[in-house]
Amino acid sequence: MLLKGEGIKGPIELPSLLSNSLSYTRIIAVGLSSIYIASTVNLIAFEMIWEPGTPVGVATIGAIIVFLFGHSLNTVLSIIAPGLHSLRLQYVEFFGKFYEGGGRKYDPFGYIRKYTEE
């Protein structure tokens, strides 16, 4: 069926199925890393509060700062990283299978160049 549907190009594309699966696994890994970052921030902040021998007020303020900064940084990373990985998967690996170029040559400024080559 693969040869009939895709021609000779079909079996050649079989190894790319594994690489595509591994690429999508990377998105899962990014999501799991966010969970571990959040639990580490919680652990650090709560250990700061319950550390014996430190003043309660200073430890609480420090723990709140660590907690807020750590979780806000984790939130930003959780928004940016999976989005970038998904875009890369779409445009680099998936988009090339269906896109066919065409149209006119890109001419950004529309003037004759003197000092650079085309």
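Summary of computed values
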read-out	value
Close pairs from the stretch 69-96: first touching a residue at least 24 places away in the same chain (Cβ under 8 Å), partner hydroxyl-bearing (S, T, Y) and open to solvent by less than 90 Å² (accessible area, probe 1.4 Å), Cβ under 7 Å, at least 6 apart	N74/S34; L77/S34; S78/S34; L89/S23; E93/S23
Test result for G62, farther than 25 Å from R88 by Cα and in contact with a helix residue (DSSP H, G or I) (Cβ under 8 Å, 6 or more places away or on another chain)	yes
All positions within the stretch 70-118 that are within 19 Å of the chain's Cα centre (by Cα) and of a type in the set (S, T, N, Q)	S72, N74, T75, S78, S86, Q90
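Rundown of residues vs (1) aromatic (F, W, Y); (2) surrounded by 10 or more Cβ atoms within 10 Å (Cβ to Cβ), yes/no style:
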| position | (1), (2) |
| --- | --- |
| G70 | no, yes |
| I79 | no, yes |
| L84 | no, yes |
| F95 | yes, yes |
| Y111 | yes, no |
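The values are calculated or read from the model by the stated rules, or taken from the named source; none is laboratory data. Just so it is clear, the structure is predicted and the values come from calculations on it, not from any experiment. Positions of Cβ are backbone-derived with ideal geometry, glycine not excepted, and every protein chain shown enters the neighbour counts. SASA here: full protein model, heavy atoms, side chains in, ligands and nucleic acids out. Shrake-Rupley method; radii C 1.70, N 1.55, O 1.52, S 1.80 Å.
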